[in-house]
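The structure appears below as C-alpha cells.
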Amino acid sequence: MQVSGFRTTLLLSALTALFMALGYTLGGSGGAFIALLVAAGMNLFTFWNADRIVLSMHNAREVDAGSAPEFYGLVRDLAQRAGLPMPRVYLIDQAAPNAFATGRNPQNAAVAATTGLLSMLSHDEVSGVMAHELAHVRNRDTLIMTMVATIAGAISMLANFGLFFRGGDNQNGHGNMIASLMAVIVAPFAAMIVQMAISRTREYGADAGGAEISGNPRALASALAKIAGQAQAIPNPVSERNPAAAQLYIVPTHFSELFSTHPATDKRIAVLEDMAMAMGAPALKASSAPVPPASALPRASALSPVAAPKRRRSALDPNGR
C-alpha cells in the first residue's frame, strides 16, 4: 500500500508540474500559480468524487440483483473470491465493448460494463473481464486511474487554448512561437508519456490478478481478443471527447491507439496463455470462439449492442439484446 501511495503521489506531482509549466508559458509566474491552485483543487475534488466523475461521463446506470440478476451475481461471486467488499455495479448503454473500475478505495469502488460487451462475450469471458476490473480495485489502481485521467484531460484542454491565449501578444513573435509549440504539442505529449509509464505495468498486474480471481486465464485472453477488434472499430463517444479517459478501459479505443496507455493486446494474451499452461487451465468451450471481425457485422446504433446476439443470446445481457 505504501508503494501504491508513493506511485500515486509521484505521478500526480509530475502531472501537476506539467500543468504549472503550461500555465507559465501562457501567463508567466501568475499563470503558473493559478495552474497550481487549479491542479490542487482538481486533485482534492477528484479524490472524493472520482467514481461520480467517471460514471457521469459515461451516463452509467446502477443495477442490482433485481434489474440485472446474472451480471450482478457474477460480480458478487468474483468480489467474494477476491476478498473485496461488494462494489456498486453499473451498465452503460453503448455499442462499443469495454469495461472499467473506479472509486477511491475498495470500500467505495464501482465497476461498469457496456451493453455491447455483455452481448458479445460468453459467461466465462465476461467473468474474466470483470475479474480484471476487480483486480484493479484490489491493487488500488482505481483512484490513480481516475485522477490521472482528470489532470491529463485538463492539460490537453488548456493546451488546446494555447494559441488563442498567446495570439494577441505580438511583442515577441519567436518567444510566442516556442511557447505555443510547448503549449499545444509538448505538454500533452509529456502528460501522455507520464501516463504510459505507469499504466502499462498496471494492466499486466490486473490481467494476472483477474486470471487468479476468475481461475481461467484463457477466458480473459479470449475476451481481450474479441474486445480489441471491436473497440478499435466501433465509435466510443466518451473517449473521442476526452482521450485521457481511454486509460480507464480494459483495452484502448480506436481514438487512443496512437498513444496507448495499454500494452499491446497480443502481448497480454501471450502472458495469459503462459499463465493458463502453468495453472493447467482447461481449453475454452466452442461457444467462446472469437466473433467475426467488425467489418462483417452490421453497423450498430449508438445505444444498442453489436449484432452478435442475433446468433447467440447472452444471459448476462439484461435487455436481452
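The values are calculated or read from the model by the stated rules, or taken from the named source; none is laboratory data. Fair warning: this is a prediction, and the values are worked out from it, not measured in the lab. Glycine gets a Cβ as well: all are built from the backbone with ideal geometry, and neighbour counts include every protein chain shown.
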(message) Under 7 Å between Cβ atoms, which residue pairs at least 6 apart in sequence (or on different chains) link something in region 129-144 that is over 14 Å from residue 251 (Cα atoms) and polar (S, T, N, Q) with a partner that is surrounded by fewer than 24 Cβ atoms within 10 Å (Cβ to Cβ) and at pLDDT 95 or above?
(response) 139/209
(request) Considering only residues that are modelled with pLDDT of 75 or more and not in a helix (DSSP H, G or I), look in region 228-244 and name the one that is nearest to the chain's Cα centre (by Cα). (result) 236
(request) Among the candidates 134, 118, single out the residue that is farther than 30 Å from residue 43 by Cβ and at pLDDT 95 or above. (result) 118
(message) Considering only region 36-45, I want to know if a residue exists there that is closer than 20 Å to residue 141 by Cα and touching a strand residue (DSSP E or B) at 6+ places or on another chain (Cβ under 6 Å).
(response) no
(message) Scan region 77-86 and tell me whether some residue there is out of contact with any Phe, Trp or Tyr (no Cβ under 6 Å at 6 or more places or on another chain), at positive phi and at pLDDT 95 or above.
(response) yes
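Using the structure shown, decide if residue 216 is among the polar types (S, T, N, Q), over 19 Å from residue 54 (Cα atoms) and modelled with pLDDT of 75 or more. Spell out the reasoning first.
Working: among the polar types (S, T, N, Q): yes; over 19 Å from residue 54 (Cα atoms): yes; modelled with pLDDT of 75 or more: yes.
Here the answer is yes, as residue 216 does meet what is asked.
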